[in-house]
Amino acid sequence: MILTTIAQFIERHGLLRHDELNLVALSGGADSVCLLLCLKELGYRIEAVHCNFHLRGEESNRDEQFVKELCKKNNIAIHLTHFDTNTYASLHQVSIEMAARQLRYHYFEQLRNDIDAQNVCVAHHLDDSVETLLLNLVRGTGIDGLTGIKWRNGHIVRPLLCVRRHDIEQWLKERGQDYVTDSTNLVADVQRNQLRLDIIPRLEQMNPGVVNNIVRTAGWMSEVNCVYQDAMRQTLSRIVKDDTICIDELLSQPSPECVLFEWLTPFGFTPATIAAIHTKVTAQKLDEGLQWLSPTHQLVTHNQQLIVAPRPKERPTLPLPEPGNYHYDDQTSFSIKILDSNTISFEADVATLDADKISFPITIRPVQPGDRFQPFGMKGSKLVSDYLTDAKLSIIEKQRQLVLTNADGRILWLVSRRTDDRFAIRKATSRTLLVTLHHKKAEKS
C-alpha cells in the first residue's frame, strides 16, 4: 500500500517528525494532492502553500481555486502567493522555467521561516528522479548528475521518491479524489516532456523494469559519489596550498582532470575550460604565463604551478598632495612623512627618498605598459615589466604591482621592491621622504 511505503521511506531517511510543522507545496496536480493527503493521513502537522505564476491564463486561476477548496474540505491551512513570472524572467534574463523555480523556492524559504516550519515537502516521485538523471545524461554531467533527485536538500524534502506516478494516480482513483492537469505537461515540446511521453515508454517496451533499474543504478552512483567526494576532499586538502597546485604533484594523481574539475568548478570555470586546461597541463612542458578566465577568477601558470586568484579589479590612481595618511583600497594604506634627517630604511614596505628632489603631489597607481625606472644601484633605466619578469613574478603578482610617482610622472618607488636611484638618499641628503605601505591585517575567522 502506498501509505505504508511512504511512511517507511520517511522513517528510514528521517525526513519528518510528527511534532514539527511542515509546509506542503501544493500545485493541484496528482503528485502534490497525493503528498498532501498522505501526510495528513499519516498524522503529520502540515500547512499547504500554492504559487500562482500567471503563466497559463484561466488554467492558473482554476488551479488556485481547486487547491483552496481541497484544503478547506480537509481542514488544512493554505498560504497563497501570486507572481508576475514573465516580468521577473525578463528583468533577470532567465528562462520562464528558471524564473518560476527561483520565485517558488525563495518564497518557500521565506514562508518557512515566517511560520517557524521545519521543512518544505515537494512532490517529486521516482519517475521525476529518472527523468532528471536522463536529462543530465543527455546534457552532459558528472557523477553527481547520475544520482537522481535527492530526498533531502537542506529544508526541502521529497517523501514521494519511493513511489511511481502510476501508483499515485491509482491511489487517488481508488479514493475518488480528483486533481487538476497542467495542459503544458501533455505536449512533448520540451525535453522533460519528451522523456516522459515518448522516450521512457519506449524504454519500458524494451524492458518493463527499466525505471526501477535506473533508480537502482542511481542509488549505486550515490554511494560511488560519496567515496569519490571523500577522496577528492582529501586530495585537495593535501595538494592545494594557498590556492596553488604544483603541476608535477597534480599529474601524479590517478585522475588529474577530476582533481582540476573539483578544484576549479567552485571558482566558476566551465567543464570545457577545465578540459582545455587539462590538455595544456599534460603537455611535456607547460608554457610560463598561460592564463584562463572564469567570470570571477583567473588561473595562471607560474614556475610549473597553477595559481588561482580573483580576477583583478581596476585599481585606483591616488594622488597624495602632502604628507599624511592615505587609504588606498580595502587592503592597503600609505603613510607619508618628511624627516629633517638623512635616514635609510632597508624594510621592503618602506621607501626612504631624498625629499628635496621630490615634488608634490606624488601619486600611487598601478603599473602601466611602458613604465620605466632606474632601479637603485643601476646606471641605466629598465622597463618595469622586464624588471618584474626578471624577478620571476607571476601574472597575478604583476597585476597587483603598484608604483609611486613624482609630480612629473617619474617613478620614485616600485612599491615593496625597489626605489629609483635618481631619488636615492645620498651623503648630502638633509631631508628624507619616508613612505610606508601598511597591509590590513587578516581578520580571524
In straight Cα distance, which lysines are under 24 Å from K150, not counting same-chain residues fewer than 8 positions off? K40
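Size of the dipole of the chain about the Cα centre, Lys and Arg at +1 and Asp and Glu at -1 on the beta carbon, nothing else charged, in debye to 20?
Working: 51 positive and 55 negative charges, 253 e Å.
So the magnitude is around 1220 debye.
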Summed over the other residues with a beta carbon less than 10 angstrom from that of G377, with K and R at +1 and D and E at -1, the charge totals +1
Using helices alone, what [θ] at 222 nm do you get for the chain, with -39,500 (n - 2.57) per DSSP H run of 4 or more residues, divided over all residues and rounded to the nearest 500? -12000 deg cm²/dmol
Paramagnetic label zone (point 7 Å from Cα along Cα-to-C-beta, M206; backbone N under 17 Å) in segment 134-176: 134-139
For the chain, what relative contact order do you get, as a whole percent, if you take Cα pairs closer than 8 Å and at least 6 residues apart? 11
How much space per residue, in cubic angstrom, does the convex hull of the C-alpha atoms of segment 317-445 take up? 121
Rounded to the nearest 0.05, what FRET efficiency do D330 and F267 have when you use their Cβ-Cβ distance and R0 = 22 Å? 0.60
Alpha-carbon radius of gyration plus Dmax, which is the widest Cα pair, for segment 34-130 in Å: 14.6, 42
Among the DSSP H helices of the chain, those whose Cα atoms extend at least 30 Å along the helix axis and whose mean Kyte-Doolittle hydropathy is -1.0 or higher are 210-239
If you take every residue apart from P361 with its C-beta less than 13 Å away from the C-beta of P361, what net charge results, scoring Lys and Arg +1 and Asp and Glu -1? -1
Counting only Cα, what are the radius of gyration and maximum Cα-Cα distance Dmax of segment 378-445, in Å? 14.8, 50
Quick one: net charge of G43's neighbours, Cβ under 13 Å, K/R +1, D/E -1? -1
Going by accessible area, probe 1.4 Å, with all protein chains left in place, what is the ranking of T436, T282, largest first? T282, T436
With DSSP loop assignment and no more than 11 other C-beta atoms within 10 Å, the GluC sites (Glu not before Pro) in segment 142-218 are none
In the chain, what percentage of the DSSP-assigned beta bridges are antiparallel, given to the nearest 5? 75
Could you work out how far apart the two model spin labels at S359 and N74 are, taking each label as a point 7 Å from the Cα in the direction of the beta carbon, and quote it in nm? 8.4
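The values are calculated or read from the model by the stated rules, or taken from the named source; none is laboratory data. This structure is a prediction, so every number in the text was calculated from the model and none was measured. A quick note on method: Cβ atoms are made from the backbone with ideal geometry, for glycine too, and the neighbour counts reach across all protein chains shown. We work out accessible area using only protein heavy atoms, side chains counted, and drop any ligands, DNA or RNA first. Shrake-Rupley method; radii C 1.70, N 1.55, O 1.52, S 1.80 Å.
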